[in-house]
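Comments concern the structure below.
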Amino acid sequence: MSAFPNPEHDHSQCSDRVVRIAHAICRRRGVRLTSQRERVLDVLAQGHRPMGAYEIIDVMAGDGKRPAPITVYRALDFLIAQGLVHRIESRNAFIACMDGEARHDTVVFLICRGCGNVGESTAEGVGTAIDEVSRASGFHPDLTVIEIDGLCQHCAQAGDGEAPKAVMQ
């Protein structure tokens, strides 16, 4: 299965699924998914592109009142702590975890320079290698995040971006 959705797929299905999973996780953990937190998660789950906090605020303002930045940052902190949202460090942005029930030790983000979408995958073998290197150094990682820039299958096939020659045959 591809880490990237088909560009023509219905994002509302992704959003509905992510929010439904988030409610179940929060209920099970005894934490509250407030309406503000749910709205931030829903905005992020509407697409597969990372968004900065102020982009989230702009989308939320389209519904009427513009939320204060601190409330969005607090919601993001909660959602990250619950494993429902990830931070894409290289983009200073956030993305909804499309598989909120999975607790990842090693997360790989595949960031397409063509369409801007981000695919999320796990890397068990890579995680094992990183754990071995860490243990040998006496280091104890909590979470390993790897960000890989390139072209998704859809953009490579469409000829978007600068794909390697082998991909553009």
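The values are calculated or read from the model by the stated rules, or taken from the named source; none is laboratory data. Everything quoted here is computed from the prediction, not taken from an experiment. Don't worry about glycine lacking a Cβ; one is built from the backbone with ideal geometry, like all the others, and counts go over all protein chains shown. Only protein heavy atoms, including side chains, enter the accessible area calculation; ligands, DNA and RNA are left aside. Shrake-Rupley method; radii C 1.70, N 1.55, O 1.52, S 1.80 Å.
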Residue list for the range 136-149, filter: at pLDDT below 90 and either among the acidic types (Asp, Glu) or over 19 Å from Pro50 (Cα atoms) (or both): His140, Pro141, Asp142, Leu143
Going by the conditions given, is Gly47 among the small types (Gly, Ala, Ser) and out of contact with any helix residue (DSSP H, G or I) (no Cβ under 6 Å at 6 or more places or on another chain)? no
Taking Glu55 as the residue in question, decide whether it is under 19 Å from Thr144 (Cβ atoms) and in contact with a strand residue (DSSP E or B) (Cβ under 9 Å, 6 or more places away or on another chain). no
Given (1) under 16 Å from Val145 (Cα atoms); (2) of a type outside the set (A, V, I, L, M); (3) open to solvent by 20 Å² or more (accessible area, probe 1.4 Å); (4) part of a helix (DSSP H, G or I), identify the lone condition not met by Asp99. (4)
Among residues of the range 150-160 being surrounded by 14 or more Cβ atoms within 10 Å (Cβ to Cβ) and over 20 Å from Glu120 (Cα atoms), the residue modelled with the lowest pLDDT is Asp160
Can you name the residue in the range 114-128 that is more than 20 Å from Gly83 (Cα to Cα) and modelled with pLDDT of 85 or more and is also surrounded by the fewest Cβ atoms within 10 Å (Cβ to Cβ) among such residues? Gly116
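Per-residue answers, yes or no, for (1) open to solvent by 70 Å² or more (accessible area, probe 1.4 Å); (2) without any contact (Cβ under 8 Å) to a residue 12 or more places away in the chain; (3) touching a Ser or Thr at 6+ places or on another chain (Cβ under 7 Å); (4) charged (D, E, K, R):
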site	(1), (2), (3), (4)
Met60	no, no, no, no
Val85	no, no, no, no
Ile95	no, no, no, no
Ile130	no, no, yes, no
Asp142	yes, yes, no, yes
Ile148	yes, no, no, no
Residue tally, condition within 19 Å of His48 (Cα to Cα), out of contact with any helix residue (DSSP H, G or I) (no Cβ under 6 Å at 6 or more places or on another chain) and either modelled with pLDDT of 85 or more or not small (Gly, Ala, Ser) (or both), over the range 102-113: 7
